[in-house]
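Reading through the structure tokens given below for one structure.
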There are 2 protein chains.
Amino acid sequence: MNIYPSAELIWQVGFSKNEDIVPSEYVDASVPGAVQLDWAKAKGMPDWQYSLNARQYRWMEDVFWHYKTQMPDIRGEQLFLCSGGIDYKYKVVIGGETRFEHEGMFTPFEINVSDVEAGTPIEIIVFPAPKQPITPGEPLRALNRDEIIVSDVGDRREAAQSAKPAVSYGWDWHPRLIPLGIWEEIRVEARPFCHIKQFEALYTMSNDLKTAHIEFNTMLSFLGHVRYDIFAPNGEKLLSTFERNIDLEEPLLWWPNGYGEQNLYTITASLVDDSGTVLDVKSTRIGFRELHLEVYPGAWSEPDTFPKTRSNPPTKLIVNNVPVFARGSNWVNPEVFPGTITYDRYLEQIKLAKDANFNIFRVWGGGIINKESFFDICDEMGILVWQEFPLACNNYVGTKEYLDVLDEESKAIIKRLRHRACLALWCGGNELFNGWSAMTEQSLALRLLNSNCYIYDRHRPFFMTSPLMGMAHGCYLFKYQDGREVYEAMNNSDFTAYTEFGVPSISPVENLRAVIPADELFPIEKTEAWVEHHGFEAWGAPNWLCLETLEGYFGKAETLEELQANSSWLSCEGYKAIFEEARRQKPRCSMAINWCYQEPWMTAANNSLIAYPNTLKPAYFAVKDACRHKMFSLRIEKFSHKVGEKVCVTPYVLNDTSDAIKKGEADIFIEYDGKKEKVGHFVYGKAAPYENFAGEKAEFTLPDIKANEFTLIIGDGDMASSYRLLKVK
Amino acid sequence: MNIYPSAELIWQVGFSKNEDIVPSEYVDASVPGAVQLDWAKAKGMPDWQYSLNARQYRWMEDVFWHYKTQMPDIRGEQLFLCSGGIDYKYKVVIGGETRFEHEGMFTPFEINVSDVEAGTPIEIIVFPAPKQPITPGEPLRALNRDEIIVSDVGDRREAAQSAKPAVSYGWDWHPRLIPLGIWEEIRVEARPFCHIKQFEALYTMSNDLKTAHIEFNTMLSFLGHVRYDIFAPNGEKLLSTFERNIDLEEPLLWWPNGYGEQNLYTITASLVDDSGTVLDVKSTRIGFRELHLEVYPGAWSEPDTFPKTRSNPPTKLIVNNVPVFARGSNWVNPEVFPGTITYDRYLEQIKLAKDANFNIFRVWGGGIINKESFFDICDEMGILVWQEFPLACNNYVGTKEYLDVLDEESKAIIKRLRHRACLALWCGGNELFNGWSAMTEQSLALRLLNSNCYIYDRHRPFFMTSPLMGMAHGCYLFKYQDGREVYEAMNNSDFTAYTEFGVPSISPVENLRAVIPADELFPIEKTEAWVEHHGFEAWGAPNWLCLETLEGYFGKAETLEELQANSSWLSCEGYKAIFEEARRQKPRCSMAINWCYQEPWMTAANNSLIAYPNTLKPAYFAVKDACRHKMFSLRIEKFSHKVGEKVCVTPYVLNDTSDAIKKGEADIFIEYDGKKEKVGHFVYGKAAPYENFAGEKAEFTLPDIKANEFTLIIGDGDMASSYRLLKVK
């Protein structure tokens, strides 16, 4: 999208207890940003990440914030104040007159300010954060008390009945901090009288994928002629037309990471006058691909007994007629204050996903709808986006007020993103059909979202929520609360998609030092700082430090470093167990998407693969290995073994590539005490492209090992895999 | 709805091979009706019900039918040709000019014919029945070959991609006969220049059910004032207003049968001129009630293990804050030719449902959307209507052509019916999420229906199909194909709703004599007539005569009457076993709706409770007993027992009433060889209103019985129940 001439706006911000009361003090505002950060900087407030400091920021949720600037001195036939969105409820007052009011951070707006003189005050008044009153026993929600986070300042239930991302109200890995303010770009643009107000290119593919039927959707501010130019991924101009519907023959297709190139075409819309002079230009970039969902082979003959219920819904992604096993992660906000997220921040994290052999992010409904640059980079990296609407773990009741807000916000979101190649599917939100949310197919909010997605973007799949029937979330522990290990639980499951699961690890020691007071660091006791950073009491009985589990396997740790290393060991092996088992369960299973990718502040411990701001945890590398497009894999049955005990493994070739598997052989080794011995031999046969080959279960006796660990290895070279297990007495 | 002055139209009908070719012959047409009946009557064709005669009617599906009449000589300021709908694709040609074209039988139309002179020809050209080509191996459908009906003239798959009810293409109990023609009223109306084009009253109830917020939705042909008068159920005028929104305080509520009165208010809209003279009047009738769905108690804590999928969707009907256990039947077309259905035909059958203690019809998606009088009577009788759209057992692919037809038809259906008190829920269609249909939540047709229901009638529940997760269909046999009896299968199930299930019985002997050639009647052999009437080969391996099952229990029958009596015995006991077990499974289970209520022609054997045209089968009375609002019930474990064998029964009080169950006692008896002996005693405790009381399993030894049967009885008086079981050697 090209940018018109625009003038920099200098903003200040202050607060008052009422929208009509002028703040007694203003401070410099960084825009885009958040009011909390501006105020804290001006007042020298302590870093909110450290210890309990975030609590000092909480009063800022409940006041009115007044941004002010002045109309700049800028020339142009038409002037527009343009915003990508303001967080959350606000009004725009220009020269004392309210020109726009809105609830919801995801709807962009533009206000014609051609009549506004330079120097006229422009004010944006941001209302207190929305808070649904929480009345004990009210019928709104049917929450499982074990599952929710309750603190003295409210909980995530306060986010119900608004389109504000729920995560900010406190989560089991996220502080209670509710950002407010101008979180997207805002500027005054000078445009010609006749200009392009809106331009997008949408397409459908012919069944044979040979032809893209493209439709240009353009709105002008006045009458005019628009020329469309299409440029190939290599920059070559392919065609130039004044038609609004064209067929592009044999386009290069766009593919998810690992399945082919990310071919992106650029299309420009040029407003031209009778002499051919270009008055205005806008451009867009599209990738041509067909994507739909299918059921797994055999799904239609299940269930097979009477009385007979329904078959499972589809979860298998088909892109350009090729089955894509979804390997990826749940993307959460990379920052607590989304106004601070930059292109570079997105780039560094999405690049790491590509490097980790991922092809999908589930953009979880507790967080924001990301900025344009997120989607630009996902388009370029081949990372599919499962995009949820901002509903999570609450019962969003279909009152008229809420539905009106959701209607506007969802339409803005759909229209903004529907041209994206990376956008794989829409989803109503997170865990809405589970007890702690208690929403159902009958919930009007979800029916509205289905309706809007159908009306504005019908060819993209729509899930009401995750998990649906046959899909699963969790668990989030190496050792479950019921005593099962992750191996046992996963190896005995048969879900169609694992769209959340996690194995926590303690954060890097340098992060712990940055947020936990030094005198509380080690040995770890349940202090307020550890609780605040979710080391303890994160999620009912379990906690992300998992000290009991660690002590159970490894005994008491001598140092923080040792504890952290053991925790990472479990996280690595646990994550491999899940990712690889999900892949082994292909074709019934078609998705492995872990909880979660990154984190927006320094936690004490977390399921994340990347610690804040961008430190790769050992689990990142384990997951990267477990997501190789083609690899050997061993199904492991448990973590700890005694000398002389039988060890059982089942070998596989996992194959998500277009290559058929040819007959071959691989050895299975055990490595311990500096030795490497062969314990098995895997002869594998043929399998078609995108299909695995499963071997037979094999067993061997654990030799006399001195160390407390041993490693199983299958194969050698790029496809080799290894598993580090525990020897116990 | 009031009727304007109108003139009778005299119709004739003929056929040709093309819409532009005038038929060489016309015959008198009965309107509303069907072209097949007109032609057959004129030509003296044999009764299509008898033997194989229906096959002689099949060519009529594939020609163009031309109805003709003349513009009547009628005076009025404005004249309109008004139709309730024409089956299926047609155009209306007046004086040689095409004035209206449409595909779909459920959209009414009106054409302004004020400019048409008396005597001008009016022609309605009805196109051949829609037939989706069936190409083996095409990706459109993923059918389980065992589950479909294939004949030499096509099968139900031909109904895909149209909004024509699929049942007419042949079903396991319905002949292949595809009606065409004018199936609803059609007339020329004389209206004043300023008249009421449309009037409806919609409402929402306040949470406390004390206030109805009523909105009048009125469209006039010109400017004017409309007065609204509201009349109480007793006829008393309550208020008169010119406001379009009013609150009615403390309205008498409308209740389903068995739960209270069916209070219906009449509302008139009167178009008045400045002097107060009434120019036009329309009226409507509404019942005030709130209805929604809830999950069963405990649903939100299921599933309780990780990896964790979703909870079951809600199926429990709550009407006016009271839980209503849905007891009822699947309504199918009462006639093969829906144009012949009259008010009286609906009345006699719906009255029987009320008598049978039913409170719901599932109006199955294979059939039509019924005429107004169906809903008038259901409103009056308190029979809730689960209304499906015309999709059944096919994959209706979301092509633009199909979605356009479905969009128009569904909007017409929703707008016509949304004011109905009896209308409980919308449903996309029948068994669409099962293998033989292979549709999913992603199917655009179902997303469109959800969207249209949301936009036009959002407060009414919407199911995409039946069964959903947790709900079940089937089986349709006393003895399942896998060898289980209905007792074992049902007693070991735990579904949330049984929305189809059946136990067939052989049709009344007089019906068999009417449709099977006399020389084929007995002993029964698999002749073409028996197959045509679905005695054999109805549904894969099973057949509705179930001769093997009958012989297995009872040995070879000596007469047709004996065979029919034994078949009815199984049907009665099987139906009681299912209805009562579903009720015993309350509160997890909330619906028992059998397949099916009636039949549109004389079958050889069927799951229906009522034989064509209106003969009550023994099963009707058994089901009526099993649906008493409050009753004793015994869980039976199997049908046949040996002398000296242990017989196990579990006693219940089933209670769907507002009465609490008080402590009490009931005896259990066995009756055999003219004797009645006490074999058990049931002491029951307290239970709240609408709750059952479950007893402990009891057992006794079967005495020495001479006859081949015995009867178990629990209790006496109105609540007593009995079960007739088989003694074997």
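For the residue pairs B:Lys308/B:Lys697; A:Lys316/A:Lys630; B:Lys630/B:Lys676; A:Lys617/A:Lys678, the alpha carbons lie more than 26 Å apart in B:Lys308/B:Lys697; A:Lys617/A:Lys678.
In a simple Cβ point-charge model (Lys, Arg +1; Asp, Glu -1; nothing else charged), region B:190-245 has a dipole of about 220 debye relative to its Cα centre. Between amide H atoms placed 1.01 Å from N, distances below 5 Å from A:Phe682 occur with A:Ala666, A:Asp667, A:Ile668, all of them 5 or more places distant or on a separate chain. The magnitude of the dipole of region A:345-393, with charges of +1 and -1 set on the Cβ of Lys/Arg and Asp/Glu and taken from the Cα centre, is near 140 debye. Of the beta bridges DSSP finds with both residues in chain A, what % are antiparallel, to the nearest 5? Within chain A, antiparallel bridges account for around 80 percent of the total.
Across region B:339-346, coupling constants 3J(HN,Hα) worked out from phi with the 6.51/-1.76/1.60 Karplus curve, θ = phi - 60°, read x, 8, 6, 10, 3, 5, 5, 4 Hz, and Gly and Pro carry x. Charged neighbours of A:Asp625, selected by a Cβ distance under 13 Å, balance to +3 (K, R count +1; D, E count -1). Restricting region B:211-299 to GluC sites (Glu not before Pro) that sit in a DSSP loop and have at most 13 other Cβ atoms within 10 Å of their own Cβ leaves B:Glu236, B:Glu243, B:Glu261. With a ≥ b ≥ c taken as the square roots of the eigenvalues of the C-alpha gyration tensor of the protein assembly as shown, please select rounded if a/c is under 1.5 and otherwise prolate if a/b is larger than b/c or oblate if it is not? Since a/c reaches 1.5 but b/c is at least a/b, the shape of the protein assembly as shown is classed as oblate. Restricting the count to DSSP beta bridges whose residues both fall in the protein assembly as shown, what percent are antiparallel, rounded to a multiple of 5? If I count the DSSP bridges inside the protein assembly as shown, around 80 percent turn out antiparallel.
Legend: mean number of C-beta atoms from other chains within 10 angstrom of residue C-beta atoms, peptide A:43-49, equals 0. Using the charge dipole of region A:316-446 (Lys, Arg: +1 at Cβ; Asp, Glu: -1 at Cβ; taken about the Cα centre), state which of A:Ala326, A:Gln349, A:Met439 has its Cα farthest towards the positive end. Most positive-ward Cα: A:Ala326. In plain terms, the residue of A:Trp171, A:Trp254, A:Trp59 with the fewest other Cβ atoms within 10 Å comes first and the most crowded comes last, giving A:Trp59, A:Trp171, A:Trp254. For the segment A:452-460, counting C-beta atoms of other chains within 10 Å of every residue's C-beta and taking the mean gives 3. Could you tell me whether region B:435-524 comes out rounded, prolate or oblate from its Cα gyration tensor? Rule is a ≥ b ≥ c as square roots of the eigenvalues, rounded for a/c under 1.5, then prolate if a/b exceeds b/c, otherwise oblate. In terms of gyration-tensor shape, prolate. For a 4.7 Å threshold on C-beta separation, the list of partnerless cysteines in chain A reads A:Cys82, A:Cys194, A:Cys393, A:Cys427, A:Cys453, A:Cys475, A:Cys546, A:Cys572, A:Cys589, A:Cys596, A:Cys627, A:Cys648. Compared with the rule-of-thumb size 2.2 N^0.38 Å for a compact globular protein, region A:249-400 has a Cα radius of gyration ratio of 1.36. Taking a straight Cα-Cα cut-off under 19 Å and skipping sequence neighbours fewer than 8 places away in the same chain, the aspartates and glutamates within cross-link reach of B:Lys586 are B:Glu294, B:Glu302, B:Glu488, B:Asp494, B:Glu500, B:Asp625, B:Glu637, B:Asp656, B:Asp659, B:Glu691, B:Glu696.
Please state the shape class of chain A: rounded when a/c is under 1.5, otherwise prolate if a/b exceeds b/c and oblate if not, all from the C-alpha gyration tensor. Since a/c reaches 1.5 but b/c is at least a/b, the shape of chain A is classed as oblate.
Rounded to the nearest Hz, the phi-derived 3J(HN,Hα) couplings of region B:532-537 under the Karplus curve 6.51 cos²θ - 1.76 cosθ + 1.60 (θ = phi - 60°) are 4, 9, 6, x, 10, 6, where x marks glycine and proline.
Return the whole-Å distance between the Cα centroid of region A:520-557 and the Cα centroid of region A:472-495. Using only Cα atoms, the two centres lie 20 Å from each other. Put simply, the amide H of B:Gly470, placed in the peptide plane, has neighbours under 5 Å in A:Arg310, leaving out anything fewer than 5 places away on its chain. Helix B:444-457 sits at what angle to the longest principal axis of chain B, using alpha carbons and giving 0 to 90 degrees rounded to 10? Helix B:444-457 sits roughly 70 degrees off the main axis of chain B.
Mean per-residue shielding of peptide B:297-307 is 6, counting Cβ atoms of other chains within 10 Å of each Cβ.
Sorting A:Met471, A:Met60 by the number of Cβ atoms found within 10 Å of their own Cβ, with the fewest placed first, yields A:Met60, A:Met471. By the rule of a C-alpha distance below 24 Å, with chain neighbours fewer than 8 residues away ignored, the lysines paired with A:Lys415 are A:Lys89, A:Lys91, A:Lys164, A:Lys197, A:Lys282, A:Lys371, A:Lys400, B:Lys400. Inter-copy label distances for A:Lys41: 8.7 nm (label point placed 7 Å from Cα along Cα→Cβ; shortest first). From most to least packed by mean Cβ count within 10 Å, the peptides A:694-703, B:627-636, B:719-728, B:601-610 give B:601-610, B:627-636, B:719-728, A:694-703. In chain B, the calculated helix contribution to ellipticity at 222 nm averages -5000 deg cm²/dmol per residue, counting -39,500 (n - 2.57) for every DSSP H run with n ≥ 4. Selection among B:Val623, B:Thr657, B:Asn708 by position relative to the dipole of region B:598-729 gives B:Asn708 as farthest towards the positive end (Cβ unit charges, Cα centre).
Separation of the alpha carbons by more than 19 angstrom is noted, of B:Lys17/B:Lys68; B:Lys638/B:Lys675; A:Lys556/A:Lys727; B:Lys479/B:Lys556; B:Lys354/B:Lys662; A:Lys576/A:Lys675, for B:Lys638/B:Lys675; B:Lys354/B:Lys662; A:Lys576/A:Lys675.
Across region A:96-101, computed HN-Hα scalar couplings (Karplus, 6.51 cos²θ - 1.76 cosθ + 1.60, θ = phi - 60°) run x, 10, 6, 9, 7, 9 Hz from first to last residue, x flagging Gly and Pro.
Inter-copy label distances at A:Pro192, shortest first and taken from points set 7 Å along Cα to Cβ: 5.8 nm. In this assembly of identical copies, the label point of B:His225 (Cα plus 7 Å along Cα-to-Cβ) is separated from its counterparts by 5.7 nm, sorted shortest first.
Look at A:Glu510, B:Glu185, B:Glu573 and count the other Cβ atoms within 10 Å of each Cβ; fewest to most, that gives A:Glu510, B:Glu185, B:Glu573.
Values in this text are rule-based calculations from the coordinates and carry no lab data. Keep in mind that this is a model prediction, so the values were computed, not measured. Backbone-built Cβ (ideal geometry, glycine too); neighbour counts: all protein chains shown.
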